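Trainee: Provided herewith is a single structure, encoded as structure tokens, for subsequent inquiry.
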Amino acid sequence: MHTGSIWRVALATPLRRLFDYLPPLDWEGGEPMAGIRVRVPFGARSLVGIVIEASHGSDIAAHKLKRVTEVLDTTPIFSAPMLEFCQFVSRYYHHALGEVMMMALPTRLRQGKPYTVKAGTAAKNSGETTPAPPLALNVAQQQAVTTICAQNDFHVSVLQGVTGSGKTEVYLQSIQYFVARGLQALVLVPEISLTPQTVARFAERFQAQIAVFHSGLTEKERFESWARAASGEAAILIGTRSALFTPIPRLGVIVLDEEHDLSFKQQDNLRYSARDCAIVRAKQSNIPIVLGSATPSLETLQQVVAGRYQCLELPMRVNEQALPKVHVIDIRNQKLDEGLSKPLLGKITEHLQDDHQVLLFLNRRGFAPTLMCHACGWIAECTRCDARLVMHKKSHEMRCHHCGKVEGLPKQCPKCHERQFVPLGVGTERLETALQKFFPDIDIIRIDSDSTKKKESLQQILATVANGKKQILIGTQMVAKGHDFPNLTLVVILDVDSGFYSADFRNLERMGQLLTQVGGRAGRGETKGEVILQTRHPEHPLLQRLLQEGYATFAQEALYERSVIGLPPYSYLAIFRAEAKSEAQSLNFLKEVQVLLQQYRIPALSILGPIAAPMTRKAGFFRAQLMLQAKERATLHSVLKKIVVKIEELPSARRVRWSLDVDPLEMFC
Ligand code: ADP
Ligand code: ZN
Ligand code: ZN
């Protein structure tokens, strides 16, 4: 027990507590300011940490306390609001505060390098050209802008606008209003590298400085964007989810585009939802936030139903084109040639004859998802995962899409030594080859992460497509987002069937969103668009809802189903995951967690599992999970708060890698 001044420091260790230190030897500065960085000894290492508070006395014996070795900041690098925000994130996700705060900092600041806030320099954009004038809004857009701009305190607005309804224009003009009053705006988007158009539209519209923040930038560029937002110099910060942790001193409004998008949820380490946390940040800052989407998530729609968020609708496309008509091709009794049916090939031909573009959507990269030995039926599998290797023909490789393992194409079967193999199933590469055979004179452009690896190639491809005529595009997930291809009139969705009967209860919602988003790429120009869906489940009731009445009705129905079975958003989930060198280790650890949980005897808490993960082995580790479910958020969080510190003390916790996922979006990953 020590009495006297103690600095309590957050450190980037998984342990969920603060660490006590004595002030530096020659310290004469009195109480330290919360939010400054310090260097401290930690075991044999020296770590950078953040001072959270000063206290008098410590539970630790005086002779065991070490001293802060160096004070790194004269003014706090975490302002009071950012500290409060990080504390919320740490509490809500039951994650160590030090890890949250270090994640919030650009690398060089995390390393302890000096940071001085420069006074705002002259805006870079001014002089570069005059900004583009705003467009004349239609009635629905005007109403949305007026409503958003009338809010000068915390409000959540859901901008639900069909694809092509002009949501971005609403963001631009709303932000203009806040920026004109000297405030800053934060714009969060799913993946900037996929939507360079969005940044371009902001850049041409505003005289004020814009900073961009995403993982495609170098460390130095990221730091500069962070610093320009933090100093107040940049009026607008556009970024992916981690931009949410940037200090923005005059934050006046937050816009989060494509709010349903999965990439807003971090799937490793600190498993936070940037959408949910953005709402908290808006609340703490007492400012409005706008969540935009053509296909809002069921969570968000439920908040609208409950009256907590207000819905602003843009029901029409800007060009007043009707949304594309959807045709279903039942492929149950059809002969397919490389995954394509006869009527489908006919439709593609028609659209090409009219000099238009056709997009085929297939969310499966590579040539074939399975490679089988012709003689004995042996199948190429990953040695580190419970998964098949995907054949990539162009690069002569077999690749595991789960762990990244790459090997050459097999020369002979390891089982029977025969040399003939059959590729089963169709990936984008195979589709490209097949279409080239059916349409030898047509330009075929494949857009997936294999064809766009080089930094500039996606933008080049998008530019070609934007100006192109008579082309066939093949795309994965990458093309579902935000692109505007004016000459595209037919969208074909080849494989959605996996969405119908998946173990993950959210897959149906995702299928509805994907169909609507991908389908929405058709007919954005002058000519009416068409969507074709090949399926073996044409009669599925929710699919029928979606096709006949659109996403809003589909979502209502899906929400109703969730309420009947008591799944989110009508209950709250958390998943403990563990991975270890053996399945028994993972399961045993989670069984101990289960026993700890049962000791609390909380009838309102369901404990489900532990079970081995459906894909048990991944990258050589055996994975298991334990799920908690409660009707009330508070029930779940009070038990999580107690249990995580107990788990840290379990000896078995040191033999596994474990994590906690609060509000998980993927049940099995
Ligand atoms: P969304 O984000 O809803 O899919 P966008 O904001 O990309 O839609 O708008 C679709 C197209 O319509 C864009 O090319 C945009 O410039 C144009 N647009 C948006 N609002 C207007 C308007 N009020 N008048 C004319 N064109 C508009
Ligand atoms: Zn064989
Ligand atoms: Zn693998």
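Trainee: Which of the residues that make up the stretch 456-476 are outside any strand (DSSP E or B), of a type outside the set (A, V, I, L, M, F, W, C) and more than 22 Å from the chain's Cα centre (by Cα)?
Mentor: If the condition is that a residue be outside any strand (DSSP E or B), of a type outside the set (A, V, I, L, M, F, W, C) and more than 22 Å from the chain's Cα centre (by Cα), then E456, S457, Q460, T464, N467, G468, K469, K470 are the ones that fit.
Trainee: Can you tell which of E561, E530, E526 is at negative phi, touching a Pro at 6+ places or on another chain (Cβ under 6 Å) and of a type outside the set (G, A, S)?
Mentor: Only one candidate qualifies: E530.
Trainee: Of all residues being over 29 Å from the mean Cα position of the chain (by Cα) and surrounded by 13 or more Cβ atoms within 10 Å (Cβ to Cβ) in the stretch 398-409, which is nearest to ligand 3 (Cβ to nearest atom)? Just the residue, please.
Mentor: The qualifying residue nearest to ligand 3 (Cβ to nearest atom) is E407.
Trainee: Is there any pair linking a residue in the stretch 134-162 that is assigned to a helix (DSSP H, G or I) to one that is aromatic (F, W, Y) and within 16 Å of ligand 2 (Cβ to nearest atom), with Cβ under 6 Å and at least six apart or on different chains, and which?
Mentor: none
Trainee: May I pose another question? Quick test of your reading of the structure: G216 fulfils all but one of (1) buried (at least 21 other Cβ atoms within 10 Å of the Cβ); (2) touching a Ser or Thr at 6+ places or on another chain (Cβ under 9 Å); (3) over 28 Å from H94 (Cα atoms); (4) not aromatic (F, W, Y). Name the failing condition by number.
Mentor: Unmet for G216, out of (1) buried (at least 21 other Cβ atoms within 10 Å of the Cβ); (2) touching a Ser or Thr at 6+ places or on another chain (Cβ under 9 Å); (3) over 28 Å from H94 (Cα atoms); (4) not aromatic (F, W, Y): (1).
Per-residue answers, yes or no, for (1) modelled with pLDDT of 90 or more; (2) surrounded by fewer than 23 Cβ atoms within 10 Å (Cβ to Cβ):
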{"site": "V479", "(1), (2)": "no, no"}
{"site": "V492", "(1), (2)": "yes, no"}
{"site": "A503", "(1), (2)": "no, yes"}
{"site": "G512", "(1), (2)": "yes, no"}
{"site": "R524", "(1), (2)": "no, yes"}
{"site": "I532", "(1), (2)": "yes, no"}
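Trainee: To continue, here is another question. Failed condition for V479, given (1) within 19 Å of A368 (Cα to Cα); (2) among the β-branched types (V, I, T); (3) not in a loop (DSSP other than H, G, I, E, B), with all others met?
Mentor: Among (1) within 19 Å of A368 (Cα to Cα); (2) among the β-branched types (V, I, T); (3) not in a loop (DSSP other than H, G, I, E, B), the lone unmet condition for V479 is (1).
To keep it simple, each residue is scored yes or no on (1) crowded, with 16+ Cβ neighbours inside 10 Å; (2) in contact (Cβ under 8 Å) with a residue 12 or more places away in the chain.
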| site | (1), (2) |
| --- | --- |
| L371 | yes, yes |
| A375 | no, yes |
| W378 | yes, yes |
| E381 | no, no |
| K411 | no, no |
| P414 | no, yes |
| E418 | no, yes |
| E432 | yes, yes |
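Trainee: Restricted to the stretch 346-369, and to residues that are surrounded by fewer than 16 Cβ atoms within 10 Å (Cβ to Cβ) and not β-branched (V, I, T), which residue is nearest to ligand 3 (Cβ to nearest atom)?
Mentor: G346
Trainee: Looking at (1) more than 23 Å from the chain's Cα centre (by Cα); (2) of a type outside the set (F, W, Y); (3) closer than 25 Å to E509 by Cα; (4) not in a helix (DSSP H, G or I), which is the one condition that is false for A613?
Mentor: Failing condition for A613: (1).
Trainee: At least 1 residues that are at positive phi in each: list the strands (runs of 3 or more DSSP E) lying fully within the stretch 1-99 that qualify.
Mentor: 2-11, 45-58
Trainee: Do we find a residue being touching a Phe, Trp or Tyr at 6+ places or on another chain (Cβ under 6 Å) and in a helix (DSSP H, G or I) anywhere in the stretch 506-515?
Mentor: Checked against the condition, which is being touching a Phe, Trp or Tyr at 6+ places or on another chain (Cβ under 6 Å) and in a helix (DSSP H, G or I), the stretch 506-515 yields at least one hit.
Trainee: Oh, and also: Can you give me the ranges of the strands (runs of 3 or more DSSP E) entirely in the stretch 344-414 with at least 1 residues that are within 16 Å of ligand 2 (Cβ to nearest atom)?
Mentor: Counting at least 1 such residues, we get 370-373, 390-392, 397-399.
The values are calculated or read from the model by the stated rules, or taken from the named source; none is laboratory data. A quick note: this is a predicted structure, and the numbers were derived from the prediction, not measured. Ideal geometry is used to build each Cβ from the backbone, glycine not excepted, and the neighbour counts take in all protein chains shown.
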